[in-house]
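Heads up: the structure comes next, in structure tokens.
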Amino acid sequence: MDQKQKMRSEARARRATLTSGPFAEHIAAFAKDLDIPKGAIVAGYHPIRDEGDPRALMSALSALGHPLALPCVVAARSALVFRRWKTGDRLAPNAYGIAEPLASAEEVMPSVVLVPLLAFDAEGHRLGYGGGYYDRTFELLPGMRLIGVAYSGQEVVMVPREEHDHPLDLVVTEKGIRRFYQT
């Protein structure tokens, strides 16, 4: 098992122990502090398993005037597309069982992406699930502001990184916002 795979297994187990408490409400309270430009489209995600739930934060951002979108997997090993979404819109499970907007929903280009993760480090590097969907997307669409959504206990000393990995601009946890200054 390589270093990233081992770390993914450990991070999944750790994250499963962090899910108690009012996480969603706590991160929603930081919506105004994320410094998102007025009217910018924000892509969130529909959480699976014990991922940090961004839906209350997304509702708070919508209330501030930000249109919302959700990612959609259109093909294996490809970049994600983002489709407009608002609370109450119908969702359907994709091939991985993740809820997505219907194919008929308008495709949009977000300026900000809320990103799920297994772990993050003090330099803003994230450990994802290994499918590469987000990294392929960020490679094709540079300039997106990347905001990790995580429990504070998901921070690790160092996330192994590769050339194709894209660091986060910041991460929002139940304890606050961590900003990373990329060089």
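The values are calculated or read from the model by the stated rules, or taken from the named source; none is laboratory data. This is a predicted model, so every value here is computed, not measured. With ideal geometry, Cβ positions are generated from the backbone for all residues, glycine too; neighbour counts draw on all protein chains shown.
The test for being crowded, with 20+ Cβ neighbours inside 10 Å and either more than 21 Å from residue 100 (Cα to Cα) or out of contact with any Gly (no Cβ under 9 Å at 6 or more places or on another chain) (or both) does not hold for residue 56. Consider residue 132 carefully, then state whether it is on the phi > 0 side of the Ramachandran plot and not aromatic (Phe, Trp, Tyr). Taking the combined requirement at face value, the residue satisfies it.
Within segment 77-94, none of the residues are under 16 Å from the mean Cα position of the chain (by Cα) and closer than 26 Å to residue 152 by Cβ. The single residue among 2, 33 that is acidic (Asp, Glu) and at pLDDT 90 or above turns out to be 33. So which residues in segment 69-91 are among the basic types (Lys, Arg) and either buried (at least 17 other Cβ atoms within 10 Å of the Cβ) or outside any loop (DSSP other than H, G, I, E, B) (or both), if there are any at all? Within segment 69-91, 83, 84 qualify. Restricting attention to segment 106-127 and to residues that are surrounded by fewer than 20 Cβ atoms within 10 Å (Cβ to Cβ) and under 23 Å from residue 81 (Cβ atoms), the residue that is farthest from the chain's Cα centre (by Cα) turns out to be 106.
Results for (1) over 15 Å from the mean Cα position of the chain (by Cα); (2) under 22 Å from residue 50 (Cα atoms); (3) surrounded by 15 or more Cβ atoms within 10 Å (Cβ to Cβ); (4) in contact (Cβ under 8 Å) with a residue 12 or more places away in the chain, shown as yes or no for each residue.
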| site | (1), (2), (3), (4) |
| --- | --- |
| 134 | no, yes, yes, yes |
| 138 | no, no, yes, yes |
| 144 | no, no, yes, yes |
| 147 | no, yes, yes, yes |
| 154 | no, yes, yes, yes |
| 161 | yes, no, yes, yes |
| 173 | no, yes, yes, yes |
| 176 | yes, yes, no, yes |
| 181 | yes, no, no, no |
